[in-house]
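Comments concern the structure below.
Derivation of every value follows stated rules applied to the coordinates shown; laboratory data play no part. If you're wondering where the values come from, they're calculated on a predicted model, not measured in any experiment. Positions of Cβ are backbone-derived with ideal geometry, glycine not excepted, and every protein chain shown enters the neighbour counts.
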Amino acid sequence: MEPEQAGTPGAERARGLPVEDYALIGDAHTAALVGRNGSVDWLCLPRFDSGACFAALLGGKEHGFWRISPAGGAQRVTRRYRGETLGLETEFRTSEGVARLVDCMPRRSGHASVVRVVEGVSGRVAMRMDLVIRFDYGWVVPWMSRAGDHLHGIAGPDSICLATPAQTRGENLRTVAEFSVGPGDRVPFVLSWHPQLAGASCGGDAMHVIAATEAWWREWSGRCRHQGPWRDAVVRSLVTLKALSYEPTGGIVAAVTTSLPEDLGGARNWDYRYCWLRVHGTAAGEHENGPGPGHRRQQGGLPRGTARFAQPPRLSAWEENAMADAAHQEPLPYNYAHFDHYIAAGGEQEDTAAFRGSVHAGQRAEDFTLLRLDDAAQVGLASLWRPRPLVMEFGSFT
């Protein structure tokens with residue numbers, strides 16, 4: 001997403017928005033896609049490869065979404081990332097005034113959370129929240145209960161909690177809140193996930209969480225040494241790669257969704273929530289040292305070493321294990337499920353509730369024999385393109 005995007009929201013769509021209308025937030029364990037209409041239409045909890053609890057991106061509103069927006073619609077919408085962070089800010093301009101929505105996913109501390117805060121900027125704006133939680137790609141409706149300001153949902157092994165001072169009510173199998181904000185008003189919403197049998201962790205100081213999360217991102221991105229005219233683009237690329245990385249191992253997923261159908265009902269509809277050795281190796285080289293061996297530099301392109309970080313860490317254990325696999329596996333597994341072990345050809349196929357016959361969770365892209373040696377080489381070259389000690393650690397991306 002560009003640093004700022006503006007536009008006017010359209011009518012309610014039966015399915016998700018065009019993919020270019022979504023922005024990414026994440027915590028380096030999973031990620032959410034937030035539409036310019038204020039709707040979270042894709043989120044898998046607790047990991048990238050978990051079942052989606054919001055899947056409207058690939059289906060309809062009945063498959064799960066979380067929307068916060070002006071009750072009467074907006075005349076104009078602008079949004080931007082807040083500096084060199086993954087905090088997202090969406091501003092809604094209406095005939096009554098201006099309201100701002102701030103979204104982020106805090107650093108993981110035992111459970112996954114999405115924090116959203118509505119702020120009044122000018123006038124008084126009537127707002128509405130709609131929450132439809134549907135686990136397992138829209139198939140499972142949770143059992144909901146209330147405890148004070150907390151709303152709890154349970155479905156099988158999953159438990160989710162919404163904490164907000166806004167008054168909520170049930171309406172047509174969804175949770176609704178209607179409220180208004182004026183200058184200086186803030187209404188927080190904190191959605192947290194934890195295993196059903198684990199102790200619940202819900203709520204917290206939303207403004208403090210946002211400030212702490214943005215401070216962490218600023219410190220992390222501030223290590224980038226490049227100060228030239230392309231710094232904004234370089235840092236945004238690095239922050240996006242960090243959001244796509246699975247922090248426990250350092251593996252980088254190819255995408256956060258289980259395929260946007262290339263052909264409805266066709267065969268080319270894959271689950272890209274895997275770490276391809278080829279993609280991982282290329283990303284490591286390109287974003288640490290600029291163009292690598294054999295890369296044709298475009299006129300006016302970034303200089304070599306543009307994205308290099310100041311601190312020199314080591315090669316991650318995940319990369320080392322991937323190279324060890326390459327030494328004895330025949331054929332070489334070129335993409336990895338769960339980011340810490342390989343899967344055999346013919347992954348499990350599961351129809352989702354979204355595009356019937358087109359979207360498959362767990363069905364990775366086809367095997368291409370020609371990529372075998374290339375994949376191993378990509379991971380190896382990723383370490384050769386940069387002088388040792390390595391300039392970025394992909395185990396924790398710190």
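In a fully extended conformation the segment linking Trp139 and Asp185 would gain 12.9 nm over its present Cα-Cα distance, using 0.36 nm per residue.
Tell me which of Gly51, Gly182, Ser201 sits at the most positive position along the dipole axis of segment 4-218, charges placed on C-beta atoms (Lys, Arg +1; Asp, Glu -1). Towards the positive end, the residue furthest out is Gly182.
In this rough spin-label picture, where each label sits 7 Å from Cα along the Cβ direction, the Asp149-Leu173 distance is 3.1 nm. Neighbour counts of C-beta atoms inside 10 Å place His63, His194 in the sequence His194, His63, starting with the fewest. Between Gln227 and Glu96, full extension at 0.36 nm per residue minus the direct alpha carbon distance yields a gain of 43.0 nm.
Take the Cα of Gln75, step 7 Å toward its Cβ, do the same at Ala212, and the gap between the two points is 4.0 nm. Scalar couplings 3J(HN,Hα) for segment 222-227, obtained by applying the Karplus form with A = 6.51, B = -1.76, C = 1.60 to θ = phi - 60°, are x, 6, 5, 7, 6, 10 Hz; x denotes Gly and Pro.
Can you put Thr258, Thr85, Thr240, Thr30 in order, fewest other beta carbons within 10 Å first? If you can, show how the numbers build up before the last one.
Working: Thr258 28, Thr85 21, Thr240 17, Thr30 25.
Final ranking by Cβ density, sparse to dense: Thr240, Thr85, Thr30, Thr258.
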